[in-house]
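Notes follow the structure.
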């Protein structure tokens, strides 16, 4: 059985987790903070980088310069509504975002969010594992593979799942440590 499609699905879950971690507000400026925020612009819904240039002025400040200055208000509103604990300052030609230092309370909240993302990703991996096991069982029931091949497929699936779970656990451990030591 070809396990590649299942590995691809697990890779997507892992990459999703990595991207979610990049968008966490950890007390320092990063363009990833606003990368996935959808702005309801006058010409349709778009992500912040599609309608504005995002730069890091210093470790605590982001500057967002809309290509169309009329969209400053919509961008500022979208950032505020995204519930990232960011307060955009609309300067009418650009937006400044001062990244606040993390409090102990906020670190604990982020830590809980990291754990929630970890659980969500583990659930996605379990679903892919179940699909892979069903696929190999179906091949066995249709007499396309032998019992030994089925056991080998199941062992291969388990090995891949363990590999991805280890990667996810290591990623979450590193992010949790980063959140608590900042």
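Where a number appears in this text, it was derived from the coordinates with a stated rule and is not lab data. This one's a predicted model, so the numbers in the text were calculated from it and none came from an experiment. Neighbour counts are summed over all protein chains in view; Cβ atoms, including those assigned to glycine, are modelled from backbone coordinates with ideal geometry.
If one takes the longest principal axis of the Cα atoms in the chain, at what angle in degrees, from 0 to 90 and to the nearest 10, does the Cα axis of helix 4-22 lie?
For 4-22 against the chain, the angle is about 30 degrees.
What spacing in nm lies between the two simple spin-label points modelled at residue 89 and residue 127, each 7 Å away from Cα in the Cβ direction?
4.3 nm
For the chain, take the longest principal axis of its alpha carbons; what is the angle in degrees between that and the long axis of helix 72-81, to the nearest 10 within 0 to 90?
Approximately 50 degrees, to the nearest ten.
Build a GNM of the chain with springs between Cα atoms under 10 Å: which of 36, 156, 142 gets the top mean-square fluctuation?
Residue with maximal mean-square fluctuation among 36, 156, 142: 142.
Can you put 94, 15, 53 in order, fewest other beta carbons within 10 Å first?
15, 53, 94
For residue 141 and residue 109, FRET efficiency with R0 = 35 Å and r from the beta-carbon atoms, rounded to 0.05?
0.15
State, to one decimal in nm, how far the label point of residue 22 lies from the label point of residue 152, with both points 7 Å from Cα in the Cβ direction.
Taking the two extended label points, one gets 3.9 nm.
Cα gyration tensor of segment 44-91, axes a ≥ b ≥ c as square roots of the eigenvalues: rounded (a/c below 1.5), prolate (a/b > b/c) or oblate?
Oblate, since a/c reaches 1.5 and b/c is not below a/b.
Each label point is 7 Å from the Cα along the Cα-to-Cβ direction; what then is the distance between the points at residue 116 and residue 69, in nm?
Here the answer is 3.9 nm between the modelled labels.
Given axes a ≥ b ≥ c from the Cα gyration tensor, I'd like to know whether segment 23-182 is rounded (a/c under 1.5), prolate (a/b larger than b/c) or oblate.
Here segment 23-182 falls in the prolate category.
Compute the acute angle (0 to 90°) between the alpha-carbon long axis of helix 147-181 and the principal axis of greatest extent of the alpha-carbon atoms of the chain; round to the nearest 10°.
Relative to the chain, helix 147-181 is tipped by roughly 20 degrees.
I need 43, 16 ordered by Cβ neighbour count within 10 Å, fewest first.
Placing the least packed residue first, the sequence is 43, 16.
For the chain, what is the calculated [θ] at 222 nm in deg cm²/dmol (nearest 500), taking -39500 (n - 2.57) for each run of four or more DSSP H residues and dividing by its residue count?
My calculation for the chain gives -20500 deg cm²/dmol from helical runs alone.
How far, in nm, would the chain grow between residue 181 and residue 98 when pulled straight, counting 0.36 nm per residue and subtracting the alpha carbon separation?
Full extension from residue 181 to residue 98 adds 27.8 nm.
Using the count of nearby Cβ atoms within 10 Å as a rough guide to exposure, how do 97, 56, 37 rank from fewest to most?
The order, fewest Cβ neighbours first, is 56, 37, 97.
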